[in-house]
Amino acid sequence: MNAFRSLTSKAILLPVDNVDTDQIIPARFLKTTHKEGLGKQLFADWRYQPDGSPKPDFPLNDVRFEGAQILVAGDNFGCGSSREHAPWALLDFGFRAVISTRFADIFRNNCLKNGLLPVEIDPQTHSELMGELRAAPDAPMTIDLERQQIALPNGKMATFPIDTFSKNRLLKGMDELDYLLSFEAQIAAHEAARPVHDR
Amino acid sequence: MNRPQTLFEKIWQRHIVAQEAGFPTVLYIDLHLIHEVTSPQAFAGLRARGLRVRRPDKTVAVADHSTPTLDKDLRLVDDLAAQQIRQLEKNCQDFGVRLYNLDSQQRGIVHVIGPELGLTQPGMTIVCGDSHTATHGAFGALAFGVGTSEVEHVLATQCLLQHKPKTCEVRIEGQLARGVTAKDVILALIAQIGVSGGTGYVFEYSGSTVRALDMEGRMTLCNMSIEAGARAGMIAPDDTTFEYLAGRLYAPQGEEWERALADWRTLPSDEAASYDQHVALDVSHLEPMITYGTNPGMGVPVTGSVPDPQQITDPNARAALIKSLNYMGLQPGQPLLGQPIDVVFIGSCTNGRISDLRAAAQALKGRKVAPGVRVLVTPGSESVRRQAEAEGLDRIFKEAGAEWRWSGCSMCIAMNGDQLQPGQYAVSTSNRNFEGRQGKGGRTFLASPLTAAAAAVTGCIADARRLLV
């Protein structure tokens, strides 16, 4: 997993609430046995015409946003299916952070395990940010994980929450499984202490 | 005397392996269910690190998402799907994991076979790389969906790192009217609290309605907890639970059963236990429900009409509704009754169990599927399929003109070739009406098996209560 410290980038605005993971990556693309290469299919049904050509009015197809690493989405982003293919696809496309007013629980967990930062901000700041991006679509903004702070294009600062464990892990690019494996002795002790019919 | 605890807290407490301030809890997992779609990258991770599956005896695998339903021949699905199923077979063989393969008499949708086989038991922690894992909460288990990284964590350590979720009591009171089912209750709840109403919470369903539901109805209720955003849904175990479990293949037997039973009876929430949140729902006047939009919260009584965006003040909600109605091709204010449909899907982990098929058969018996309508009946498991055939339900479906299939997720997720064509309308007993969920461009109305059967015979959205005599 790549470490995440701070990021300055253009942002792509997708002002839709309740974006479910079936939209982020439709189920027909889940037949892969790999994590890589899903970026092509990110938002496939919103992004491409039936003939496979890009829809000109979909923000991800706008050349002004090429190289953008931040996605600004509506409320409750990533709801529905638990598919981790959703953050894999977002990362493979080039995103490193998603900003919303709320993230679905499983999606948030999946993001944090892959180095994709879910940035939850209050509705007022979110609406201000959307206004800014509408006025100056290619203005860069900054996300600083150490300070848990975002700087809007107009310079205004806002903070976002993240649990200390996930934050430190992301800052170091440290995998969660390594940490979990260090509990082997406690896991074995827990198993031994369970009632026999439960072991 | 100990502090009063909820069902959730009791189970959580029992499964804490380690807990340090500022760190997530290391939580022990009793049962890990895996399937072909969300596990391959997890097994690849184990191989890359040279790890084994720590507890193959607590791990159970089945292929269900992209399996064929016309027959069990893998040539019926595309190469990628077949390859993914073969990969699951290889992974289970290499790591010593029990697999219910395509030839198994006990295979089926993962959330249907867990309870059927008695693998799902009260007090357990159960996870699966699938958001509908909440289904198992109907037995008083803490069951939730996880991503593939977490599948790898559980395979390697039998544990997960978890932050303790908040609890919400969902109290449901009232006697359900004839023709109104658990599916209608959960659709009504999600319509009331919205698709993010439960985010951050574990639901505990309580109240007279829940107590009166049989296990299959309770599973339907818990199954769709995730559609309200909840991490899990659970129901305190009672005699209904124990009667269902008694004698099941993997349920405790003999003296062990007695010991387990004594333990399970201590699980229900203590009377004085407190929750972080409360939701109340009165279902005594509830009608059959149906969705009109592109998320499961967009539901109304079947006799209702499509909402008008002009009457919604919140600009985001208005925009979302306009986008939905545009996709669905529906007009504001239009009644749902009489809306023509092309396909009916009866099945899924939400409504693919025997009582669901009985309800659908009751409405289809002696009737014919409307001309031009395609009806797919996909049992939730092979065991459900055999039971339905023993009861003659398959004949009722076939004589009415419906297709009778092998078990699997089928058109709920449209990965196996069972899918809608662009623009087609379906009444579906599944759990998600997201854009393209049942096939690219397909348009889904979620409803109960009864309402789905009524749509099958009339060719449009209909009130099933009129078909019940």
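The values are calculated or read from the model by the stated rules, or taken from the named source; none is laboratory data. Remember, predicted model here, so these are calculated numbers, not experimental data. All Cβ positions, even for glycine, are placed from backbone atoms using ideal geometry, and neighbour counts span all protein chains on display. SASA here: full protein model, heavy atoms, side chains in, ligands and nucleic acids out. Shrake-Rupley method; radii C 1.70, N 1.55, O 1.52, S 1.80 Å.
Could you give me the residue pairs with C-beta distances under 6 Å whose first residue belongs to region B:400-418 and is within 14 Å of chain A (Cβ to nearest Cβ) and free of Cβ contacts under 8 Å to residues at least 60 places away in the same chain, whose second residue is of a type in the set (S, T, N, Q) and crowded, with 24+ Cβ neighbours inside 10 Å wherever it lies, and which are 6+ apart or on separate chains? Hits for this filter: B:A414/B:Q438.
Are any of the residues in region B:265-278 over 19 Å from B:V127 (Cα atoms), within 14 Å of chain A (Cβ to nearest Cβ) and open to solvent by 40 Å² or more (accessible area, probe 1.4 Å)? Yes, because at least one residue in region B:265-278 is over 19 Å from B:V127 (Cα atoms), within 14 Å of chain A (Cβ to nearest Cβ) and open to solvent by 40 Å² or more (accessible area, probe 1.4 Å). For region B:53-67, the candidate set comprises residues that are open to solvent by less than 30 Å² (accessible area, probe 1.4 Å) and outside any loop (DSSP other than H, G, I, E, B); within that set, the residue that is nearest to B:R405 (Cα to Cα) is B:V62.
Flag: A:F103 does not match the condition of being free of Cβ contacts under 8 Å to residues at least 40 places away in the same chain, in contact with a Phe, Trp or Tyr (Cβ under 6 Å, 6 or more places away or on another chain) and open to solvent by 10 Å² or more (accessible area, probe 1.4 Å). Filter region B:374-386 down to the residues that are over 9 Å from B:E403 (Cβ atoms) and open to solvent by less than 20 Å² (accessible area, probe 1.4 Å) and list them by number. Within region B:374-386, B:P379, B:G380, B:S381, B:E382, B:V384 meet the criteria.
So for region B:77-94 (the condition being within 30 Å of A:P195 (Cβ to Cβ), at pLDDT 95 or above, more than 9 Å from chain A (Cβ to nearest Cβ) and surrounded by fewer than 19 Cβ atoms within 10 Å (Cβ to Cβ)), does at least one residue qualify? No: zero hits.
Restricted to region A:134-199, the set of helices (runs of 4 or more DSSP H) holding at least 3 residues that are of a type in the set (A, V, I, L, M) and surrounded by 17 or more Cβ atoms within 10 Å (Cβ to Cβ) comprises A:176-181.
For (1) under 22 Å from B:C159 (Cα atoms); (2) not in a loop (DSSP other than H, G, I, E, B), each residue gets a yes or a no:
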position: B:F43; (1), (2): yes, yes
position: B:L51; (1), (2): yes, no
position: B:T69; (1), (2): no, no
position: B:L88; (1), (2): yes, yes
position: B:D94; (1), (2): yes, yes
position: B:L99; (1), (2): yes, yes
position: B:L102; (1), (2): no, no
position: B:G123; (1), (2): yes, no
position: B:H132; (1), (2): yes, yes
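Close contacts from region A:140-156, counting a first residue that is of a type outside the set (D, E, K, R) and a second that is at pLDDT below 95 and surrounded by fewer than 14 Cβ atoms within 10 Å (Cβ to Cβ), with Cβ to Cβ under 8 Å and a gap of 6+ residues or different chains, come to A:P153/A:A136; A:P153/A:A139. Count of region B:440-458 residues, restricted to those that are within 20 Å of B:G401 (Cα to Cα) and not aliphatic (A, V, I, L, M), is 4. Checking each residue in region A:28-87 for being part of a strand (DSSP E or B) and more than 9 Å from chain B (Cβ to nearest Cβ) picks out A:Y48, A:P54, A:I70, A:L71, A:V72, A:A73, A:F77. If the condition is being acidic (D, E) and either within 14 Å of another protein chain (Cβ to nearest Cβ) or over 27 Å from the mean Cα position of the chain (by Cα) (or both), then region B:282-334 contributes B:D308, B:D314.
In region A:10-26, the qualifying residues are those that are among the aliphatic types (A, V, I, L, M) and open to solvent by 10 Å² or more (accessible area, probe 1.4 Å), and the one that is nearest to B:S324 (Cα to Cα) is A:V16. In region B:27-41, the residues that are more than 24 Å from A:E191 (Cα to Cα) and without any contact (Cβ under 8 Å) to a residue 60 or more places away in the chain reach residues that are among the small types (G, A, S) and buried (at least 24 other Cβ atoms within 10 Å of the Cβ) with C-beta atoms within less than 6 angstrom, at least six apart or across chains, in these pairs: B:E36/B:A63. Go through the residues of region B:427-435 one by one and say whether even a single one is open to solvent by less than 30 Å² (accessible area, probe 1.4 Å), over 23 Å from B:G299 (Cα atoms) and not aliphatic (A, V, I, L, M). Checked against the condition, which is being open to solvent by less than 30 Å² (accessible area, probe 1.4 Å), over 23 Å from B:G299 (Cα atoms) and not aliphatic (A, V, I, L, M), region B:427-435 yields no hits at all.
When residues in region A:72-115 are screened for being farther than 25 Å from B:C349 by Cβ and in contact with a strand residue (DSSP E or B) (Cβ under 6 Å, 6 or more places away or on another chain), 9 of them pass.
Taken over region B:150-164, the criterion of being more than 9 Å from chain A (Cβ to nearest Cβ), surrounded by 24 or more Cβ atoms within 10 Å (Cβ to Cβ) and under 16 Å from B:P24 (Cα atoms) is satisfied by B:V154 alone.
For the residues B:A280, B:A273, B:A262, B:A319, the requirement of being touching an Asp or Glu at 6+ places or on another chain (Cβ under 9 Å) and assigned to a helix (DSSP H, G or I) singles out B:A319. Residue count for region A:1-27, restricted to those that are within 12 Å of chain B (Cβ to nearest Cβ), in contact with a Lys or Arg (Cβ under 8 Å, 6 or more places away or on another chain) and in a loop (DSSP other than H, G, I, E, B): 4. Of all the numbered requirements in (1) touching a Gly at 6+ places or on another chain (Cβ under 6 Å); (2) over 30 Å from A:I25 (Cβ atoms); (3) buried (at least 19 other Cβ atoms within 10 Å of the Cβ), B:Q419 misses one, and that requirement is (2). If you check B:A48, B:A18 for being farther than 30 Å from B:A402 by Cβ, within 8 Å of chain A (Cβ to nearest Cβ), free of Cβ contacts under 8 Å to residues at least 40 places away in the same chain and surrounded by fewer than 22 Cβ atoms within 10 Å (Cβ to Cβ), only one passes: B:A18.
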